[in-house]
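The values are calculated or read from the model by the stated rules, or taken from the named source; none is laboratory data. This is a predicted model, so every value here is computed, not measured. As a convention, Cβ positions derive from the backbone with ideal geometry for all residues, glycine included, and neighbour counts pool all protein chains shown.
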Amino acid sequence: MTTFYGYFKENMEALGLPAPESLFGTLQTAVGNAAIFVTHIDRYGTRITVGELIGAGTRLEKLGTVATLSAAFYVGAVIGSIAVATGRTLSGGTSIADVLLMARQQGLHRAWLVTALRRWPGTYREVPGRRAYRLLTVGP
């Protein structure tokens with residue numbers, strides 16, 4: 001897996017999260033969709049679920065299997081996975097600083113992102129039990 005999407009999907013799957021290629025197949029589409037999700041979180045708050053984002057008209061229909069997850073967690077995982085994929089494609093690694101720098105450069109940085117990345121560092125790097133993260137974020 002040496003493509004952006006390959007690394008992105010690998011990171012999301014390690015978290016037990018879906019990553020449809022139609023939403024995240026390239027850096028541009030992944031960043032564009034993440035920006036839409038971030039805008040909805042800005043509008044509705046960090047306690048909104050993925051299901052509520054789907055109901056709000058985002059293009060997340062393919063993510064119905066994770067509808068009860070916290071949207072902030074899922075979007076944090078998406079942003080972390082974008083940074084991981086970019087970092088691995090360009091240099092072979094990623095840190096929280098890389099994630100935050102990429103988020104800022106792409107206009108995706110929000111105050112809640114730092115908290116989400118600190119709370120769930122497995123969204124951007126390997127940690128024990130990272131696949132179980134999604135089970136801890138169900139509901140508001």
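Could you look through the range 2-16, keep only residues that are in a helix (DSSP H, G or I) and out of contact with any helix residue (DSSP H, G or I) (no Cβ under 7 Å at 6 or more places or on another chain), and pick out the one that is surrounded by the most Cβ atoms within 10 Å (Cβ to Cβ)?
Lys9
Going by the structure shown, is Ala85 surrounded by 21 or more Cβ atoms within 10 Å (Cβ to Cβ), of a type in the set (Gly, Ala, Ser) and at negative phi?
Yes.
Among the listed residues Ala30, Ala19, identify the single one that is at pLDDT 90 or above, surrounded by 15 or more Cβ atoms within 10 Å (Cβ to Cβ) and over 21 Å from Leu135 (Cβ atoms).
Criteria check complete, one pass: Ala30.
Within the range 66-89, how many residues turn out to be closer than 20 Å to Arg119 by Cβ, outside any helix (DSSP H, G or I) and of a type in the set (Gly, Ala, Ser)?
The qualifying residues number 1.
Please list, ordered by first then second residue, the pairs with beta carbon atoms under 7 Å, 6 or more apart or interchain, first in the range 97-123 and in contact (Cβ under 8 Å) with a residue 24 or more places away in the chain, second of a type outside the set (A, V, I, L, M) and in a loop (DSSP other than H, G, I, E, B).
Val99/Tyr124; Ala103/His109; Trp112/Thr46; Leu117/Tyr124
From the set of residues in the range 33-65 that are modelled with pLDDT of 85 or more, hydrophobic (A, V, I, L, M, F, W, C) and assigned to a helix (DSSP H, G or I), which is surrounded by the fewest Cβ atoms within 10 Å (Cβ to Cβ)?
Ala35
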